[in-house]
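See structure below.
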Amino acid sequence: MTDAVAAARLDKVLAWDGPTRLFKWGLVAAVASAWVSDELAMTSWHVVNGKIVLALVVFRLLWGVVGGSTARFSQFLRSPAASFRYGLDLLKGREGHYLGHNPLGAWMVVALIGLAAVMGISGLFNADYPDRMLIDGPFAAKLSDAAVHLAHRIHSIGFKLLELAVLLHVAAVGFHAVVKKDPLIPAMVTGRKPPGDYVDAAKATPGSIVAAIVCLAVAVAIVWGGIALAK
Ligand code: HEM
Ligand code: HEM
């Protein structure tokens with residue numbers, strides 16, 4: 001690491017720990033891969049990939065309790081009223097600055113993780129409908145046509161909602177980057193932000209790597225073990 005990079009790094013504060021960033025970009029890759037695998041009818045990969053999305057969601061729920069300070073739901077989730085007030089302040093250009101998720105971004109995070117969960121869970125009961133020949137989720141075989149059809153519709157509508165949420169999400173971080181000059185995107189790559197008078201915290205406390213590995217192991221055990229047990 002050159003002196004200049006070390007110096008630049010030194011004068012920045014931690015905003016996002018490693019496991020949170022790995023989760024974030026892992027979810028982006030897994031969601032993109034789910035879409036591509038469906039488009040290209042890569043059926044067996046689509047199912048494995050779907051289980052990876054579920055494991056990432058379970059990991060993030062656990063990490064939201066024991067993870068780094070800015071990853072904890074108790075730290076970044078605020079009341080709808082507070083989020084609404086933040087939205088009004090943002091429009092008036094007098095919003096507070098946040099090291100972690102701002103009050104509106106926080107609910108977008110919940111929506112994105114929630115929709116990824118809906119896609120993973122509905123997928124478990126889904127099959128190509130009405131033929132039920134090409135691809136099916138681990139629990140589809142036990143279900144009636146009507147039940148599989150319901151899972152199929154939830155899966156299809158769920159992805160349209162996820163696409164809409166991602167569009168809003170990217171537009172929002174783009175707005176913060178271009179209009180508010182708030183480097184949210186590089187921070188979600190490097191984990192660091194310039195020091196500043198942040199409303200929520202001066203710097204983040206990273207979660208422990210051991211805790212992250214345990215969360216990941218528990219998430220994998222819950223998804224793969226749970227499916228095997230329930231089959
Ligand atoms: C390629 C376009 C994308 C960009 C540039 C992007 C950028 C970002 C940024 C800057 C943040 C941090 C927001 C903050 O500071 O509050 C973030 C968080 C997040 N993004 Fe994206 N995002 C993209 C696509 C997606 C997609 C496709 C998903 C999938 C569902 C997604 C899910 C999330 C989640 C769950 C978080 C919260 C991270 C956490 O707290 O664990 N993003 N994203
Ligand atoms: C274990 C989990 C999953 C299973 C078993 C599964 C299974 C399926 C099945 C059977 C179909 C219907 C294919 C057809 O009609 O030809 C489908 C479609 C699709 N899946 Fe999944 N899936 C899973 C997870 C996911 C996840 C997590 C995502 C994205 C986040 C996703 C995205 C899609 C999309 C975009 C389609 C096309 C929907 C449409 O036609 O409107 N899947 N999946």
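The values are calculated or read from the model by the stated rules, or taken from the named source; none is laboratory data. If you're wondering where the values come from, they're calculated on a predicted model, not measured in any experiment. Here the Cβ is made from the backbone with ideal geometry for all residues, glycine too, and neighbour counts use every protein chain on show. Ligands, DNA and RNA are stripped out before the accessible areas are found, and what is left, the full protein with its side chains, is counted by its heavy atoms. Shrake-Rupley method; radii C 1.70, N 1.55, O 1.52, S 1.80 Å.
As I understand it, the dipole of the chain uses +1 on the Cβ of Lys and Arg and -1 on the Cβ of Asp and Glu, about the Cα centre. Which of 133, 71, 185 lies farthest toward its positive end? Sorting the options by dipole projection puts first 71. Placing unit charges on the Cβ atoms only, positive for Lys and Arg and negative for Asp and Glu, gives the chain a dipole magnitude near 520 debye about its Cα centre. All other residues whose Cβ lies under 13 angstrom from that of residue 120 are scored, Lys and Arg at +1 and Asp and Glu at -1, for a net of +2. Extension gain for the segment residue 107 to residue 185, taken as residue separation times 0.36 nm less the Cα-Cα distance, is 26.3 nm to one decimal. Extension gain for residue 160-residue 201 works out to 11.2 nm (0.36 nm per residue, less the C-alpha to C-alpha distance). If a paramagnetic tag sat 7 Å from the Cα of residue 170 along the Cα-Cβ line, which residues of segment 9-37 would have the backbone N under 11 Å from that point? Under 11 Å, as judged by backbone N against the label point of residue 170, lie 32 of segment 9-37. A crude spin-label estimate for the pair residue 22 and residue 133, with each label 7 Å from Cα along the Cβ direction, gives 4.3 nm.
Along the axis of the charge dipole computed for the chain (Cβ charges of +1 for Lys and Arg, -1 for Asp and Glu, origin at the Cα centre), the listed residues 173, 151, 31 are led at the positive end by 173.
Applying a length cut-off of 24 Å (Cα extent along the axis) and a mean Kyte-Doolittle floor of 1.6 to the DSSP H helices of the chain leaves 103-124. Summing charges over neighbours of residue 57, with a neighbour being any other residue whose Cβ is under 13 Å away from its Cβ, gives +3 when K and R count +1 and D and E count -1.
Across bins of 10 angstrom width beginning at 0, how are the C-alpha pair distances of the chain distributed, in whole percent? The calculated distribution, bin by bin, is 7, 29, 31, 20, 10, 2, 0.
Spin-label model, residue 211 to residue 77: label points 7 Å out along the Cα-to-beta-carbon direction sit 1.7 nm apart. The loop-placed trypsin sites (Lys or Arg not before Pro) in segment 24-114, going by DSSP, that have at most 16 neighbouring Cβ atoms within 10 Å of their Cβ come out as 94. Helical runs (DSSP H, four residues minimum) scored at -39500 (n - 2.57) apiece and divided by the length of the chain put the mean residue ellipticity at 222 nm at -21500 deg cm²/dmol. Report, as a whole number in µm² per second, the diffusion coefficient that Stokes-Einstein gives for segment 104-195 at 25 °C and 0.890 mPa s using the Kirkwood radius over alpha carbon pairs. The diffusion coefficient I find is 161 µm²/s. Computed with a 1.4 Å probe over protein heavy atoms only, the accessible area of residue 86 comes to about 10 Å². In the full protein context, the chain carries 55 Å² of accessible surface per residue, based on a 1.4 Å probe and ignoring ligands, DNA and RNA. Peptides 207-216, 61-70 ordered by packing proxy, namely the average of other Cβ atoms within 10 Å per residue, highest first: 61-70, 207-216.
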